[in-house]
Amino acid sequence: MMTDAQRYLFDMMGYLHLEQALKRTELKAAQRAIDRYINTSDDELPEGFGRSTSLFDKNRTQYKYAFAFDKVLEALVFHRSFWPIVLEVSGRRPRLNSGEVRINTAKDPVHRLHCSRESFGPYSCRYSCDDGKIYCDDLVVFIYLTDVLPGDGGLLLVPGSHKSDFKRPPDVFNDGWIEKDVPLGVANITAQAGDIVITTELMTHGAMTWQPKDRDRRFFILRYRPQYHRQIHEFPDSVLARLSPETRELLETQSYTYEKEIVKKDFVTLTI
Ligand SMILES: O=C(O)CCC(=O)C(=O)O
């Protein structure tokens, strides 16, 4: 389960910043695996892998199914620093809905502020607290693989907005277009490589233009939903075939009552 401090902070602000959550060896191994992914030509990549072709990612900054590219990356979906959080907010009914790596360079445009409530309506995503626990049906985990320094740009969050009941008026935060100067009420997260930031899709978030010309921003985006959720991403067989049994179980959709074996463990390790 989450610690009391994590529960308090996540509930109040809508996000957690876990500093240096990855060990140095885990970080180095993940960085090497991502280098290998992006330096492999399209025709040598396993079936299903490559840059995103999604309409939501016109600049093709995302590398699909990165968690399934290498066992080092696959192990991160169960990382001990946030697995108890995934278990709590899913009511011990977790499912991984996607796991991609995003790479931002100076060419990439600003990512306008958005959230599920604003994009898809007030009932698209849920956040609530019951019996001393948090429930949230679209948890987003950002694992940073490179440093973000003050002034670089990158992730913006509007703390507390995961509980907002009002529509954001267009004159607030420049209608969501935040190029460089961060307005009061918005937080620019300057995470270091190895840090993990956890939030919900209900949180108003976006990203400023990446400023450095000599460094890019690389991070993993893992998204978790309850196993019975109806808005799911189906994974291709070519991706499923590469995974360990524990990860395949994490990707399964199941009923409310079904208890997966992986939820019985405080720490999940991949068996093959
Ligand atoms: O680039 C970022 O840090 C934020 C990503 C984002 O807004 C999203 O994936 O919806």
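Laboratory data are not the source of any read-out in this text; all were calculated from the coordinates shown. Remember, predicted model here, so these are calculated numbers, not experimental data. Virtual Cβ from ideal backbone geometry, glycine too; neighbours counted across all protein chains shown.
The table below gives the values:
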read-out	value
J(HN,Hα) series, region 68-75, from Karplus relation 6.51 cos²θ - 1.76 cosθ + 1.60, nearest Hz, glycine and proline x	9, 6, 8, 4, 5, 6, 4, 4
Taking Cys136, Cys125 and counting other C-beta atoms within 10 Å, the order from fewest to most	Cys125, Cys136
For the chain, the longest site-free run once GluC sites (Glu not before Pro) in DSSP loop states with at most 15 other Cβ atoms within 10 Å are removed	48-178
Hypothetical label at Lys180: residues of region 89-114 whose amide nitrogen lies under 19 Å (7 Å Cα-Cβ projection)	105-113
Under 5 Å, built H, 5+ apart or other chain: amide partners of Asp147	Ala193
Spacing of the two label points (7 Å from each Cα toward its C-beta) at Ala5 and Lys167, in nm	4.1 nm
Fewest-first sequence of Ile198, Ile262, Ile34, Ile143 by Cβ atoms within 10 Å of each Cβ	Ile262, Ile34, Ile198, Ile143
Whole-Hz ³J(HN,Hα) from phi, Karplus 6.51 cos²θ - 1.76 cosθ + 1.60, for region 171-187, glycine and proline x	7, 8, 6, 6, 6, x, 8, 10, 7, 9, 7, 8, x, 4, x, 10, 10
Selection from Thr105, Trp210, Gln231, by position along the positive dipole direction of region 94-250 (Cβ)	Gln231
Kirkwood Rh and Cα Rg combined as Rg/Rh, the chain	0.94
Cα-centre dipole for region 4-262 with unit charges at Cβ (Lys and Arg positive, Asp and Glu negative), debye to 20	140 debye
Helical contribution to [θ] at 222 nm, DSSP H n ≥ 4, -39,500 (n - 2.57), averaged over the chain, rounded to 500	-5000 deg cm²/dmol
Hz values of 3J(HN,Hα) by residue in region 8-16 - Karplus curve (6.51, -1.76, 1.60), Gly and Pro given as x	4, 5, 5, 5, 6, 9, x, 7, 10
Principal axis box of region 49-169, alpha-carbon based, largest edge first, Å	43, 41, 30
